[in-house]
Structures are given as C-alpha cells and as structure tokens.
Amino acid sequence: MIEHSQVRLPFASISGKRVEADFDGGAVTSDGGVLLLRALEFQMGFIVRMVDALRDRRHPSYIDHTLLDLVKQRVFQIACGYEDAVDCDDLRVDPGIKAACDRLPLSGPDLASQSTMTRFENEVRRTDLYRIAQAFVDGFIASYERAPESIILDIDDTDDPTHGAQQFSLFNAHYNEHCYMPLHIYEGQSGKLITTILRPGHPTNGRLVVSILKRLVQHLRRSWPNVKIVVRADSKFSSPEVHDFCEDNGIYYVLGQGANPKLKTVGRNLMDQALDLSEHKNESIRLFSSFAYKARSWRQSRRIIYKAEVTNGEANPRFLVTNLQSSRAEFIYDRVYCARGRMEGFIKDHKTFLHSDRTSCHKFEANQLRLFLHSAAYVLLHALKTQGLKNTAWAKAQFNTIQNRFLKIGARVVENTRRVRFHFPTSYPLKNVLMLVSNRLQTAST
C-alpha cells in the first residue's frame, strides 16, 4: 500500500528552483463549499425527513454512526461529485465533509467507511423505501410557503445500463442493452424533484404509471385539495389507463400521441397544404389544427392536437392528446407541451452530473436507495441554484458548473477551543457571490 504522505510529485523548475508537490497539507479540504449544503439542509430538513422514514435494525451496542450520519455523509459526498461509496474511505477524514455532518473537523470522530456505508445500503427494506418516497413528496410540499394554484407533473424515464447480476435487470430492445428504467417526476415549472422510482428495464405500461400517479395525487391533494394538476409526458405514457385516471380525478393532461394510419389520414389535407406552402415560399412551415378522435381501446373520443410541419421539404407530423378544451392548438403545443423540454435538463443534472446511474448493487432495494440518495443531492443542489444563487449570473447554471465553482473550494481548516474556521483562498474569484449566497442561506435559516 502506498503511503501518500511520503509521495513527492516533481514538476518543472521555476527560476532555477525545484518544484515539488506532496500530500502533507494536513487540515485542508478541497470541498469547502459543502458548508453551503449544510446550511441548506439545516433550513430544509430534507435529509432528516428521509432518515425519519428509515427503521434502524442494527444492535445499539455496535453502532458508531447513526443513520442520520450515514445519509448526510453519502448525500453531501454525492453532491460534491463523489458518487461511489468507496470514496468514503478517503473522505471520512475530510474536515469539510466532517463539518457538514456536524462533527468537529479535526478533533471529532471520523465518518463511516465504505464497508459501513455498503452494509447500510443493503439493509434497507421495501417498507423503508415506500416511506422514503413519501418523504420526498412531503419535502416537495414543504418547499412551498403556500399552496400553489397549479402544478405540472413532468414524467419521463431514462435508461440506466446494468453490468452484472443486478436484480430485475432486463433487456430493453429500444436501447439494445440490459438496463433499469428509473421513472423521474419533476414539477415542470420550477424543476423541483418530486420523486424517482427505480423500475426494471421493460417498457413503460399504463397500469404502472397509474399506480404511481394514484398514490402521488392522493398525497398531494391531502395538503393541497384545490391545486390544479397537469400531467405532461411523451407518447409512451399515453395509454387508455392514464387518460381514464386523469379524467376520473379532475386532472388535466397533455401527452404525446403516437401516429397511426388513421390519424395521418385525418391530417392529410392540412399536411398537403403545408407542403404546398413550403414549396411555394421555400421555407419551413407549421400549421396546427385539432379534432376529436377515438381509438378502438379508448372509452370515449378525445381532443387531438395536430401539427403539420414541413422542414427542408420533409413532412414531420406530430400529434398530442389532451383534455384541455379552451386553449388554441398552437398554444397547447408550443407553450404547454414543448416546455417539457426543460425536463431533459433536469434529468441531465440528475443522471449525468450527479451520476445517479451508479446502481451496481445486486439487490434491487439497495439500488432504489442509491437512487434516492442521489435524488436528495439533486434536491439540495437545485435549492442552492434557485434560492442561494437567485438573480445571479449562476442562477441557470448546470449542476457541474455549480459544483466546480461553489463547492470545489480549497480551504485550510483551523479548530481551537472556541471556534472552527475555514480559510478560503484569498484569490478565490467568486468571493462576493459566495458571501451573498451564505448570507441568504443563514438569513433563511434564522
């Protein structure tokens, strides 16, 4: 095993003087900005909600780390860019991570190792996971000071490739690989995460979506009985079961609708008109209409929004199905449906920048817990972006930019009998923004 404290890294000399680097820096953290996440958690109490949903089945005589310690450590590490449990072995002594977990950074006991964290992840049960899912919805509700007039439930899934003997890993022909298909639900206007549900790799079906929506809507309406709910998703979520559920429960929906020969026949005249205009004007053309349509499996006719688009001389028909009756077809398509494109960015933050596809445990329950831990990191970073960085140049930044500019700050840590102080670099270029964010979070916490 290499003793890193004895390693010397040689570099090119400067002005005739030899340049070396080592790992003897001592009480220094490379993630000083994690204190912002600690302030956010103190304000929101989101991780505490998660832990309250868990049952600790360990023998009290053998416990060195509480469940709150474990979940805080793991979530803060993920938010700072350390997505793997094995990172705990090195970060358990990091003064920044320790301070974020309410331990004295130098004299306090070390945090959990990888083996302890892995045991925790694999001991969770389905009942625990169900309560955590409820805690996510409760946290979403608590993020509003007052009940909103309306919310948009943006629903989508994404492939999560598997590479081993993970339970319920299935082959998905669309992605041509063995995978999971986690379901993401966000509030479409704010980007707040509502929940994430790990699913086997088979395609989405309407009965599963309804079973999730039924519980979610009931939970939301217990707190917000008068809120208007809009379900928005692409065509793979358009099914008779989803349509019927929404209509029977006073929910609006705007869903992509797969094209079929009958729909194309109904829209042929408008598409011919668009083709003629495009050829005449030599430019792209979009024409809209709506009509009633009833598929064989539907219990009733429904409104179809039709976009006849011609781009570079090629026909590009698009269909939506909705129970919104008063708005114009073009408005529903452009302003309501197309706005769901923001969800691609939400999933990118969650999956790409927080690496929520690290579902490599054998047990399905452990992988669902991992997805929840990464989702908790999303909640914290989204709050940092929308609350702490509001009205700054960074308010619309991607998560990786926020991590690199506001969490990855080197700091020398000094602890004495009266205080703990983090000394950030004098040359840190965003010190004014950091002070603004810190003041906002501290004010919100008091």
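The values are calculated or read from the model by the stated rules, or taken from the named source; none is laboratory data. Note that the structure is a prediction, hence the values are computed from the model and not measured. Positions of Cβ are backbone-derived with ideal geometry, glycine not excepted, and every protein chain shown enters the neighbour counts. Each accessible area value is taken on the protein alone, full model and side chains, heavy atoms only, with ligands, DNA and RNA left out. Shrake-Rupley method; radii C 1.70, N 1.55, O 1.52, S 1.80 Å.
Quick notes on this structure:
- For Ala292, the conditions (1) small (Gly, Ala, Ser); (2) open to solvent by 50 Å² or more (accessible area, probe 1.4 Å); (3) in a strand (DSSP E or B); (4) closer than 27 Å to Glu344 by Cβ all hold with the exception of (4).
- Annotation note: of Lys351, Lys408, the sole residue that is open to solvent by 40 Å² or more (accessible area, probe 1.4 Å) and farther than 30 Å from Phe168 by Cβ is Lys408.
- Those strands (runs of 3 or more DSSP E) of segment 131-224 in which 3 or more residues are touching a Leu at 6+ places or on another chain (Cβ under 8 Å) occupy 150-157, 177-180, 183-187, 193-197.
- His374 being out of contact with any Asp or Glu (no Cβ under 6 Å at 6 or more places or on another chain), open to solvent by 10 Å² or more (accessible area, probe 1.4 Å), under 21 Å from Ala135 (Cα atoms) and in contact (Cβ under 8 Å) with a residue 40 or more places away in the chain: no
- Hey, Met343 modelled with pLDDT under 95, under 36 Å from the mean Cα position of the chain (by Cα), more than 17 Å from Gly206 (Cα to Cα) and not in a strand (DSSP E or B) or not: yes
- Candidates Arg131, Arg146: the one that is at negative phi, open to solvent by 10 Å² or more (accessible area, probe 1.4 Å), of a type in the set (Lys, Arg) and within 22 Å of the chain's Cα centre (by Cα) is Arg131.
- Residues of segment 1-50 that turn out to be part of a helix (DSSP H, G or I), at pLDDT 85 or above, open to solvent by less than 80 Å² (accessible area, probe 1.4 Å) and over 21 Å from Val420 (Cα atoms), as a count: 5
- Per the listing Phe136, Phe171, the residue uniquely of a type outside the set (Asp, Glu) and over 22 Å from the mean Cα position of the chain (by Cα) is Phe171.
- Residue satisfying all of: in segment 80-103; closer than 26 Å to Arg126 by Cβ and touching a residue at least 60 places away in the same chain (Cβ under 8 Å); least open to solvent (accessible area, probe 1.4 Å) among these: Glu83
- Qualifying residue in segment 382-398 (condition: buried (at least 21 other Cβ atoms within 10 Å of the Cβ), in contact with a His (Cβ under 6 Å, 6 or more places away or on another chain) and at pLDDT 95 or above): no
- Selection count where residues are touching a residue at least 60 places away in the same chain (Cβ under 8 Å) and farther than 12 Å from Thr322 by Cα, scope segment 237-259: 3
- Within segment 308-325, if we keep just the residues that are in contact with a strand residue (DSSP E or B) (Cβ under 6 Å, 6 or more places away or on another chain) and open to solvent by 40 Å² or more (accessible area, probe 1.4 Å), the residue that is modelled with the lowest pLDDT turns out to be Asn316.
- Glu283 satisfies every condition listed in (1) assigned to a loop (DSSP other than H, G, I, E, B); (2) of a type outside the set (A, V, I, L, M, F, W, C); (3) at pLDDT 95 or above except (3).
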